[in-house]
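Everything on this sheet refers to the single structure shown next.
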């Protein structure tokens, strides 16, 4: 995400104070007679506990260059004009330069985004060379930097009042590439403990990237790197060295992070290689090349797996772009090969609570992305700090902001402790808007039904609060809001969007029948309210039914149509009361599902009872083949996991596997397609969906956080009608027993939901 350097209203330049004299008096606008002020603030992308529209930290420094409409440089400093972020979050610079920026100019900015204790010293910020017409900076590797380089950013603004170019945003983008390296191995289940362990005895000693340049010149105005200077040669850079070695584990929880110089501007993109030094009993399985210490060296070329060369081989060098982040995952697999899967995504920045009132940054890594049915899904909910709910603390960090349909204001459950709002993920906790505005953050439930009564977008907060509009939780929903009809209006970073309900069908069971992970008898669909009774009779007994087969859509002429429907005839799909699919996941495709709790490794049980007579039913595991019978077929598995022993918090694991057009799922052990005969140990993609609660509306626990760990609603961009919007639900517990399954739903607009973002597989992060 871009950090934004914005100006108040339509007037671009009016300065707070002159840096040289340290005056704090407002200056008159040098060109229009108005008195607006230059303001710097951050962008709209929100991470977990961050206010929108917050500014750069106080004493952040930047260099500024400006040119008039005839391309004439306005300042007498080749090195640019020095500025800083003031305590009141206005830009401070010398008045003699501020007054030169009139009705028409083009401005450029450069910063490392770091606040300094002594903001009056400009030398700490990288100096520019070249000429005033072409200012340049030399970006050099810093051995003392944790990630190799400071996080440099560049910005551009074309302002022309007469032509209507009065945009108030100067967008800062990262000029480096960020890489994350993950080294893992294939796992297997330990029969004694039931936990995943590695297949191999392997230790990691070194991670290095070979062929990178450590120094390049960057053109501020062009926003491009020059070619390597004479005598500058590519180098081999060690990212991490562990002399004693570290066990390579079958988990994706750890990664190394570093910055590198982009290769996209080179005449011939550099061919980079990832180098790993390993040891252990099985190290020789992967390499015969050894170093002097007898350790094995593994090298893998970093090629673009999305762009085959002329001969069809994937030997085109992976190009690293500015403002992009790359996940480089190395997997030691059973078949003796090393799988390298480069994943690229925009380098997003969000806001953090690292400084008081949210005056800080953290990176929002939406990038452990997974491809399902040609759609890329983010690895976490919008606003979440983490993606892997492997413990109670990480589970809480996997909880993103809650949003109401057609409204971009983020909410989170918090309590007021002596005037300080503190996160509180406990059922019954009221939600507050997560905003930086002092008068806005305290807004509570609001029962008003007038759309114009509410603030819809973060960028409207200041004006809205000043005019008495509400940031409170709209418990009756925004019935007439069409904000999400257009992607550009959704609360998403560039390139991403909210999914449709149908797009959820690519990664989820498409009907309550197919998502019946709790083995319910009653599957009538009546919306988000109560269904049936709350007694154990609503569930199949564990010893009565242990496997259910479902085919979607129901078609007796299609192979493997269920011959023994286990559902009660009177409570199954009748009279259109159940969501019926004409295709799965869409169109004329078919899918089949097999829900099983026959074996111990397929079952789960909540800590607290789920039925009214204090008896818990066993959850099962859902297996599926999407687009069955076609060359596009892929296998799926859905299972419930507990975050840790003794904790009543759960998440859904979604796994995708390869399949052929001939694959089917059979419950009969002697059949060639018996579902247990497939390899379910090596998914090609995995998503974790924490079941992290919902926010009630006017008909149920209004404005309060509920069902943490047992139910979650995911929002879509689609309106159902004036009162409701299309969602996708996961429910495995709670007071209402008879809607405990995974299913597409329609929820009232006053409900608070989580957001899981998607983007097209053809999206290129460097596109504007």
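The values are calculated or read from the model by the stated rules, or taken from the named source; none is laboratory data. Computed from a predicted structure; not experimentally measured. Cβ placement follows ideal geometry from the backbone for every residue including glycine, while neighbour counts extend to all protein chains displayed.
The number of residues in the stretch 664-677 being over 21 Å from residue 604 (Cα atoms) and surrounded by fewer than 18 Cβ atoms within 10 Å (Cβ to Cβ) comes to 9.
Of the numbered criteria (1) touching a residue at least 24 places away in the same chain (Cβ under 8 Å); (2) surrounded by fewer than 13 Cβ atoms within 10 Å (Cβ to Cβ); (3) in contact with a strand residue (DSSP E or B) (Cβ under 6 Å, 6 or more places away or on another chain), the one residue 243 fails is (3).
In the stretch 576-619, of all residues being modelled with pLDDT of 85 or more and more than 32 Å from the chain's Cα centre (by Cα), the one that is surrounded by the most Cβ atoms within 10 Å (Cβ to Cβ) corresponds to 597.
For the stretch 167-175, the criterion of being in contact (Cβ under 8 Å) with a residue 12 or more places away in the chain, in a loop (DSSP other than H, G, I, E, B) and out of contact with any strand residue (DSSP E or B) (no Cβ under 7 Å at 6 or more places or on another chain) is met by none of the residues.
When residue 213 is tested against (1) touching a residue at least 60 places away in the same chain (Cβ under 8 Å); (2) surrounded by 19 or more Cβ atoms within 10 Å (Cβ to Cβ); (3) closer than 16 Å to residue 140 by Cβ, just one condition goes unmet, and that condition is (1). For the stretch 696-723, which residues satisfy the criterion of being in contact (Cβ under 8 Å) with a residue 24 or more places away in the chain and within 21 Å of the chain's Cα centre (by Cα)? Within the stretch 696-723, 708, 709, 712, 713, 714, 715, 716, 717, 718 meet the criteria. Quick check on the stretch 454-468. Is at least one of its residues closer than 30 Å to residue 393 by Cβ, within 25 Å of the chain's Cα centre (by Cα) and at pLDDT below 95? Taking every residue of the stretch 454-468 in turn, at least one turns out to be closer than 30 Å to residue 393 by Cβ, within 25 Å of the chain's Cα centre (by Cα) and at pLDDT below 95. Contact map, the stretch 404-428: first residue in the same structural domain as residue 734 (by TED's automatic domain parsing) and surrounded by fewer than 16 Cβ atoms within 10 Å (Cβ to Cβ), second residue assigned to a loop (DSSP other than H, G, I, E, B) and at pLDDT 95 or above, Cβ cut-off under 9 Å, separation 6 or more or different chains; the map is empty.
If you go through the stretch 454-477 and keep only what is closer than 16 Å to residue 749 by Cα and not in a loop (DSSP other than H, G, I, E, B), you end up with 454, 473, 474. When residues in the stretch 649-663 are screened for being surrounded by 14 or more Cβ atoms within 10 Å (Cβ to Cβ) and either in contact with a helix residue (DSSP H, G or I) (Cβ under 6 Å, 6 or more places away or on another chain) or in a loop (DSSP other than H, G, I, E, B) (or both), 3 of them pass. The set of residues in the stretch 694-707 being outside any loop (DSSP other than H, G, I, E, B) and surrounded by 24 or more Cβ atoms within 10 Å (Cβ to Cβ) consists of 694, 695, 705. For residues in the stretch 480-503 being part of a loop (DSSP other than H, G, I, E, B) and in contact with a helix residue (DSSP H, G or I) (Cβ under 7 Å, 6 or more places away or on another chain), which is surrounded by the fewest Cβ atoms within 10 Å (Cβ to Cβ)? Step by step, filter the stretch 480-503, then rank; the result is 480.
Regarding residue 281, is this residue surrounded by fewer than 17 Cβ atoms within 10 Å (Cβ to Cβ), touching a residue at least 60 places away in the same chain (Cβ under 8 Å) and more than 30 Å from residue 138 (Cα to Cα)? Yes.
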